[in-house]
Amino acid sequence: MGHSDRLLMGPGPGNPYPEVIEAFGRPVLGHLDPEFIALLDETNDRLRAVFKTDNALTFPVSATGSAGMEATFCNVLAPGDVVVIGVNGVFGERMCDVASRLGAEVVRVDAEWGQAIEQQRMLDAHPNPKVIAIVHAETSTGVRNDLAEIGAGKGDALFLVDCVTSLCGIPLEIDEWGVDLAYSGTQKCIGVPPGLSPVTVSDRAIANFVDRSQSWYLDLSMIAKYVTGGGARAYHHTAPISMIYALHAGLGVVLEEGLENAQARHQACGDRLQEGLQKMGFELFAQEGHRLPELTSVRIPQGRLPEGMDEADVRRILLERYSIEIGGGLGPVAGQVWRIGCMGHTARQRNVTLLLGALAEILD
């Protein structure tokens, strides 16, 4: 098998949908061509459908998910503003880093890696924050943090959510759960290579934008003129045409399948993978009841590794012998946990069977 045949089951990019690969081959239009503008508008409509929102300011930021994170934070936080941030993995930590760089006062709500954050703790952390922020699906641990109670009890605070690994993979209700700002990535459950960050922003959040964002490129008040201006479009930056073709195609696949059906497919694959791993003697890492189906974290069976090999050697054998890529642990769980993605087009029962069989051969 060549590199193009590799089965990507790590926490990063999964295998793209075939329709997405085809979309990359479309002739490139100008970024202000009426045909492209119509496709961009339809892409934004499709994003509203999967975010479950009516927000007018819903569009793909022309950069990866970390830019979506920075865009949402830098438009609503000014120096001295208080932000409550849930931290139970790498990407909660990254939220703290971004907010502190903006001069905000960061109030952390920490939970042990592998455990979910209790929603009431987020609400009790500060009496009057400007923003409450949390990661919905923590990619570093495979844990789902719940959102609905935070949205219902947020008061005057803005509610900001990282949906990078959750969008299109598990239920997400932006409007119903009171989420004011959310960002995602294309490379997880949407089934598109990395390069864009879908973002959605409520009217309430727009009304609370800082007077002048610290970023020119990510100033959402400027971008809103392009996305929601109506009629003539103001020029902001040259859109990545082919990436938006791909996102349009990936969202089309999901919506044609049906969002709930796509989520059910992810759940079925995750359930089978986690059940199979447990039958093989693996211990799941993420808290029961909060395990992501699209990203399974499992403790490495140190006593069952082939003699003279460490966990990185096993991952290398999976890649070289079986063309299967899985991810290692990060931060305090590096060398202790594997992270196995089953997202987008990769979320197929045959891929689960192949991985379980390969692990059985290597470890036994």
The residue that is farthest from D203 (Cα to Cα), considering only those in region 50-61 that are crowded, with 20+ Cβ neighbours inside 10 Å and not hydrophobic (A, V, I, L, M, F, W, C), is P60
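Please enumerate the residues belonging to region 25-39 that are assigned to a loop (DSSP other than H, G, I, E, B), of a type outside the set (G, A, S) and free of Cβ contacts under 8 Å to residues at least 24 places away in the same chain.
Quick first cut of region 25-39, residues assigned to a loop (DSSP other than H, G, I, E, B) only: 25-33.
Now narrow it down to the ones that are of a type outside the set (G, A, S): 26-29, 31-33.
Residues satisfying the conditions are P27, D33.
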Starting from residues that are without any contact (Cβ under 8 Å) to a residue 60 or more places away in the chain and outside any loop (DSSP other than H, G, I, E, B), keep the ones in region 288-301 and report whichever is farthest from N351 (Cα to Cα).
R299
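Considering only residues of region 273-290 that are of a type in the set (G, A, S) and closer than 19 Å to L363 by Cα, which is surrounded by the most Cβ atoms within 10 Å (Cβ to Cβ)? Can you show your working first?
At the first step, the residues of region 273-290 found to be of a type in the set (G, A, S) are 276, 281, 286, 289.
Next, from what is left, pick out any that are closer than 19 Å to L363 by Cα: 276, 281.
On the way: G276: 18, G281: 10.
If we take residues in region 273-290 being of a type in the set (G, A, S) and closer than 19 Å to L363 by Cα, then G276 is surrounded by the most Cβ atoms within 10 Å (Cβ to Cβ).
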Those residues of region 52-94 which are in a helix (DSSP H, G or I) and either among the acidic types (D, E) or in the same structural domain as R339 (by TED's automatic domain parsing) (or both), in sequence order:
E70, E93
Let me confirm something: among I190, I134, which residue is in the same structural domain as A207 (by TED's automatic domain parsing), under 23 Å from Q267 (Cα atoms), at pLDDT 95 or above and in a strand (DSSP E or B)?
I134
Select, from A347, A312, the only residue that is surrounded by fewer than 18 Cβ atoms within 10 Å (Cβ to Cβ) and more than 30 Å from H31 (Cβ to Cβ).
A312
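Checking the structure you have, find out if any residue of region 40-51 is in the same structural domain as I241 (by TED's automatic domain parsing), in a loop (DSSP other than H, G, I, E, B) and among the basic types (K, R). Step through it out loud before you land on a result.
Start the filter on region 40-51 by keeping residues that are in the same structural domain as I241 (by TED's automatic domain parsing), which leaves 40-51.
This time we only want the ones that are in a loop (DSSP other than H, G, I, E, B), so: none.
No, every residue in region 40-51 fails to be in the same structural domain as I241 (by TED's automatic domain parsing), in a loop (DSSP other than H, G, I, E, B) and among the basic types (K, R).
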Got a sec? Which of G335, G328 is under 18 Å from T165 (Cα atoms), of a type in the set (G, A, S) and in the same structural domain as Q302 (by TED's automatic domain parsing)?
G328
Any residue in region 148-168 that is charged (D, E, K, R) sitting within a Cβ distance under 9 Å of a residue that is assigned to a strand (DSSP E or B)? List the pairs, counting only those 6 or more apart or interchain.
K154/I132; D162/A133; D162/I134; D162/V135; D162/A137; D162/E138; D162/A182; D162/Y183
Does region 44-64 include one or more residues that are more than 29 Å from L284 (Cβ to Cβ), in contact with a Pro (Cβ under 6 Å, 6 or more places away or on another chain) and among the polar types (S, T, N, Q)?
yes
Going by what's in this entry, would R265 be described as of a type in the set (K, R) and more than 29 Å from R339 (Cβ to Cβ)?
no
Please go through region 303-328 and pick out each residue that is touching a residue at least 24 places away in the same chain (Cβ under 8 Å) and closer than 28 Å to G250 by Cα.
L318, L319, Y322, S323, I324, E325, I326, G327
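Matching residues to (1) part of a helix (DSSP H, G or I); (2) at pLDDT below 95:
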position: R265; (1), (2): yes, no
position: A268; (1), (2): yes, no
position: G276; (1), (2): yes, no
position: A286; (1), (2): no, no
position: G303; (1), (2): yes, yes
position: E307; (1), (2): no, yes
position: A312; (1), (2): yes, no
position: I317; (1), (2): yes, no
Filter pass, D97 being in a helix (DSSP H, G or I) and either in contact with a strand residue (DSSP E or B) (Cβ under 6 Å, 6 or more places away or on another chain) or surrounded by fewer than 18 Cβ atoms within 10 Å (Cβ to Cβ) (or both)
yes
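The values are calculated or read from the model by the stated rules, or taken from the named source; none is laboratory data. Model, not experiment: these values are computed from the prediction. Note that each Cβ is placed from the backbone with ideal geometry, even for glycine, and that neighbours are counted across all protein chains shown.
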